[in-house]
1. Filter segment 69-84 for residues that are β-branched (Val, Ile, Thr) and under 17 Å from Ile58 (Cα atoms); which is surrounded by the most Cβ atoms within 10 Å (Cβ to Cβ)?
2. Outside any helix (DSSP H, G or I), among the hydroxyl-bearing types (Ser, Thr, Tyr) and either without any contact (Cβ under 8 Å) to a residue 40 or more places away in the chain or surrounded by 14 or more Cβ atoms within 10 Å (Cβ to Cβ) (or both): does that describe Tyr18?
3. Would you confirm whether any residue within segment 24-35 is at pLDDT 95 or above, exposed (fewer than 14 other Cβ atoms within 10 Å of the Cβ) and not in a helix (DSSP H, G or I)?
4. Give me the residue from segment 42-54 that is free of Cβ contacts under 8 Å to residues at least 12 places away in the same chain and outside any strand (DSSP E or B) and, out of that set, nearest to Ile7 (Cα to Cα).
5. Are there any pairs with C-beta distances below 8 angstrom linking a residue in segment 24-41 that is in contact (Cβ under 8 Å) with a residue 40 or more places away in the chain and farther than 19 Å from Asn63 by Cβ to a residue that is among the small types (Gly, Ala, Ser) and not in a strand (DSSP E or B), with the two at least 6 apart or on different chains, and if so which?
6. Anything in segment 55-65 that is of a type in the set (A, V, I, L, M, F, W, C) and in a loop (DSSP other than H, G, I, E, B)? List them, or say none.
7. Is it fair to say Ser11 is outside any strand (DSSP E or B) and either among the aromatic types (Phe, Trp, Tyr) or within 13 Å of the chain's Cα centre (by Cα) (or both)?
8. Scan segment 28-86 residue by residue and report those that are out of contact with any Asp or Glu (no Cβ under 9 Å at 6 or more places or on another chain) and of a type in the set (Gly, Ala, Ser).
Amino acid sequence: PDLVLEIDVTSYSDVNDYLPYRVPEVWLWRKKRLFIYVLEGTEYCLKDDSKYFPDINIHEVINRGLEITYQRNTSAAIRDLKASLGSQ
């Protein structure tokens, strides 16, 4: 795969578990925070942004989605996400 997103609340993998598969980008959701790792050579480096979505502030999108989900519901968050991505 080009991108892995791991969301796990019970047990955590280490980003280096993906090294044998040479996944170019790994997103790990840990303690209500997204960590974006990009494979550079033989190691993963923590980055602020995704190389696959360079024009989108992923952290802002997630925080806004979570805020809307908590205030209203998941359906409202999905509608907001679709509307905001459609305007870019």
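The values are calculated or read from the model by the stated rules, or taken from the named source; none is laboratory data. Remember, predicted model here, so these are calculated numbers, not experimental data. Cβ atoms come from the backbone with ideal geometry, glycine included; neighbour counts cover every protein chain shown.
1. At the first step, the residues of segment 69-84 found to be β-branched (Val, Ile, Thr) are 69, 74, 78.
When the remaining residues are screened for being under 17 Å from Ile58 (Cα atoms), the result is 69, 78.
Details: Thr69: 15, Ile78: 13.
Looking at residues that are β-branched (Val, Ile, Thr) and under 17 Å from Ile58 (Cα atoms), I get Thr69.
2. Working: outside any helix (DSSP H, G or I): no; among the hydroxyl-bearing types (Ser, Thr, Tyr): yes; either without any contact (Cβ under 8 Å) to a residue 40 or more places away in the chain or surrounded by 14 or more Cβ atoms within 10 Å (Cβ to Cβ) (or both): yes.
Taking the combined requirement at face value, the residue does not satisfy it.
3. Within segment 24-35, none of the residues are at pLDDT 95 or above, exposed (fewer than 14 other Cβ atoms within 10 Å of the Cβ) and not in a helix (DSSP H, G or I).
4. The extreme case among them is Phe53.
5. Close Cβ pairs satisfying both conditions: none exist.
6. Residues of segment 55-65 of a type in the set (A, V, I, L, M, F, W, C): 56, 58, 61-62.
Ile56, the sole residue that qualifies.
7. Values: outside any strand (DSSP E or B): yes; either among the aromatic types (Phe, Trp, Tyr) or within 13 Å of the chain's Cα centre (by Cα) (or both): no.
Spelling it out, it is not the case that Ser11 is outside any strand (DSSP E or B) and either among the aromatic types (Phe, Trp, Tyr) or within 13 Å of the chain's Cα centre (by Cα) (or both).
8. Those that are out of contact with any Asp or Glu (no Cβ under 9 Å at 6 or more places or on another chain) and of a type in the set (Gly, Ala, Ser): Gly41, Ser75, Ala76, Ala83, Ser84, Gly86.
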